[in-house]
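Here is the structure we will look at.
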Amino acid sequence: MARRAPHPAVSAGLAFALALGLSPAAASAAEAAPLALTRPDAGTARPAVPYRMAALGDSITRGYNSCGWFFDCVRRSWATGSYGGIDSHYLRLRARNGALAAHNNAVTGAKVAMLAGQADAAVSQRAEYVTILIGANDACTSTVAGMTSVAAYEARFRAGMQTLRDGLPSARIFVSSIPDLRWLWRAGRDNRAARAAWSRLRVCQSMLTDPISTDIEDVERRRDVRRRVIAYNEVMGRVCAQDARCRFDDGAVFSHPFTLDQVSRWDYFHPNARGQATLARVTYAKSFWSAAALARRRDA
């Protein structure tokens with residue numbers, strides 16, 4: 001659930017400004033100025049831990065089906081979840097800054113076309129750290145022809161990123177790759193319950209329809225979906241690389257071999273609690289605050 005607790009750094013920021021010798025009026029003006037990160041960290045070994053974060057994306061980030069039957073469960077979200085068993089980005093960062101507030105702006109069913117709107121919400125929340133995991137619904141359509149084109153995906157992703165950068169010029173942005181849907185097909189194609197759920201619920205039919213078929217058109221259809229996801233990921237990696245305060249996961253989520261014990265038994269598609277915890281672990285290892293990232297900064 002989104003947390004809207006008051007930002008505790010306000011009084012601290014005012015006190016810090018006064019300590020620098022600013023007048024109360026000037027200190028108040030500084031406090032009200034547009035937000036960057038709350039503490040400068042250029043050239044230091046450890047980047048500043050945010051006071052506010054926002055998660056953008058789709059049903060995966062909403063924790064859909066991770067704690068019940070066909071509903072969002074944001075407390076088990078890999079990004080902003082408050083449930084200890086997930087060890088989300090929010091909980092890991094809150095261990096370093098107990099005043100951290102999290103907002104989950106993801107929308108179940110969202111495609112990349114909705115990213116700019118979610119980014120607007122993050123701007124209004126003055127987020128200092130933003131996570132993005134979006135694109136599965138652009139590839140998971142009823143037919144291959146219905147998938148979002150790569151050109152359209154790039155234009156819409158860039159629009160979302162531009163919204164964030166215009167409104168939050170100093171925010172750190174983490175972009176996760178889209179999972180490889182082929183892992184899911186491989187894991188579930190021989191499972192009768194999974195096949196039944198995919199068919200009955202019309203789950204990601206571009207990839208999962210006729211899952212045991214070896215006909216050439218079905219083999220090619222699955223390849224086409226996978227190629228499209230790879231292309232989406234390449235777009236996000238390229239766009240993120242153009243922003244000094246953006247970090248892409250370098251395909252870590254795409255490359256992770258998710259298994260059936262990490263997906264919901266309701267639809268055999270969305271991550272369950274174990275899957276959300278795996279997402280949290282895999283993505284945080286590529287984040288700004290991972291042990292590897294901090295080591296690179298120390299060695300720089």
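We did not get these values from a lab; they are worked out from the coordinates using the rules stated. Everything quoted here is computed from the prediction, not taken from an experiment. Here the Cβ is made from the backbone with ideal geometry for all residues, glycine too, and neighbour counts use every protein chain on show.
Okay, here's what the table says:
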| item | result |
| --- | --- |
| J(HN,Hα) series, segment 156-165, from Karplus relation 6.51 cos²θ - 1.76 cosθ + 1.60, nearest Hz, glycine and proline x | 6, 5, 4, 4, x, 5, 5, 4, 5, 6 |
| Nonlocal amide H pairs with residue 270, under 5 Å, H built at 1.01 Å | 264 |
| For residue 101, distant residues with modelled amide H under 5 Å away | 52, 53 |
| Long-range amide H partners of residue 131 with built H, under 5 Å | 54, 55, 56, 174 |
| Peptides ranked, highest mean first, by Cβ atoms within 10 Å: ranges 139-146, 179-186 | 179-186, 139-146 |
| Separation of alpha-carbon centers, segment 155-173 and segment 78-105, rounded to whole Å | 22 |
| Note, ³J(HN,Hα) from phi for segment 66-75, Karplus 6.51, -1.76, 1.60, rounded to Hz, x at Gly and Pro | 8, 9, x, 9, 6, 8, 5, 9, 5, 5 |
| Karplus (6.51, -1.76, 1.60) ³J(HN,Hα), θ = phi - 60°, over segment 259-267, in Hz, Gly and Pro reported as x | 10, 5, 6, 10, 10, 5, 7, 7, 10 |
| Residue 186 versus residue 216: modelled label distance in nm, points set 7 Å from Cα along the beta carbon direction | 2.4 |
| Protection-proxy order for peptides 103-109, 172-178, 217-223, each taking the mean of Cβ atoms within 10 Å per residue, highest first | 172-178, 103-109, 217-223 |
| Most to least packed among 262-269, 251-258 [average Cβ atoms within 10 Å] | 262-269, 251-258 |
| Charge dipole (debye, nearest 20) of segment 39-293; +1 at Cβ of Lys and Arg, -1 at Cβ of Asp and Glu | 600 |
| For segment 39-293, average projected area of the Cα convex hull in nm² | 12.7 |
